[in-house]
1. Quick check, is residue 104 farther than 28 Å from residue 34 by Cβ, in contact with a strand residue (DSSP E or B) (Cβ under 8 Å, 6 or more places away or on another chain) and part of a loop (DSSP other than H, G, I, E, B)?
2. Being in contact (Cβ under 8 Å) with a residue 40 or more places away in the chain and closer than 30 Å to residue 153 by Cα is the requirement here; does residue 81 meet it?
3. Being surrounded by 12 or more Cβ atoms within 10 Å (Cβ to Cβ), assigned to a loop (DSSP other than H, G, I, E, B) and either at pLDDT 95 or above or more than 21 Å from the chain's Cα centre (by Cα) (or both) is the filter here; which residues of segment 145-156 pass it?
4. Could you tell me whether residue 142 is assigned to a loop (DSSP other than H, G, I, E, B) and surrounded by 13 or more Cβ atoms within 10 Å (Cβ to Cβ)?
5. Residues in segment 109-128 that are modelled with pLDDT of 95 or more and either crowded, with 16+ Cβ neighbours inside 10 Å or in contact with a helix residue (DSSP H, G or I) (Cβ under 7 Å, 6 or more places away or on another chain) (or both): how many?
């Protein structure tokens, strides 16, 4: 398991006082208010930053970080990703998982037939959809619903699924 979780991307500056405009990668954007520090990934290096202030604008997070006080400084971080320590992550409800923990997990049917690995996850509104790809490049789309997802073992990177009629 990865120790750092990606929780957003800096897409621009906001105003002239050093705020960063962030697209959050979390279901509850207000969770940013509980953070004291973050990591910014820039040029494949991590920079630990202290949060001074958090605001919300539409569906975006506005972050003011210590040491970033003007628009010129903010532009250096445009398109960078924000990460946090796993210990600072929110507690997930039962049968919920971090996307990073599901990517590359091996997927098997209840009959122990290997289907492939999860390569992507996308939300549809009512539920997520897991994109599973086998060794030949064939993809299967699995809805993340109880009727399909039977068991998830994050530690052993294995998922057991029940294929509904017409899925394959």
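The values are calculated or read from the model by the stated rules, or taken from the named source; none is laboratory data. Every value quoted in this text rests on a predicted model; they were computed, and no experiment measured them. As a convention, Cβ positions derive from the backbone with ideal geometry for all residues, glycine included, and neighbour counts pool all protein chains shown.
1. yes
2. Against the criterion (in contact (Cβ under 8 Å) with a residue 40 or more places away in the chain and closer than 30 Å to residue 153 by Cα), residue 81 qualifies.
3. Scanning segment 145-156 gives a single hit, 148.
4. no
5. Of the residues in segment 109-128, 4 are modelled with pLDDT of 95 or more and either crowded, with 16+ Cβ neighbours inside 10 Å or in contact with a helix residue (DSSP H, G or I) (Cβ under 7 Å, 6 or more places away or on another chain) (or both).
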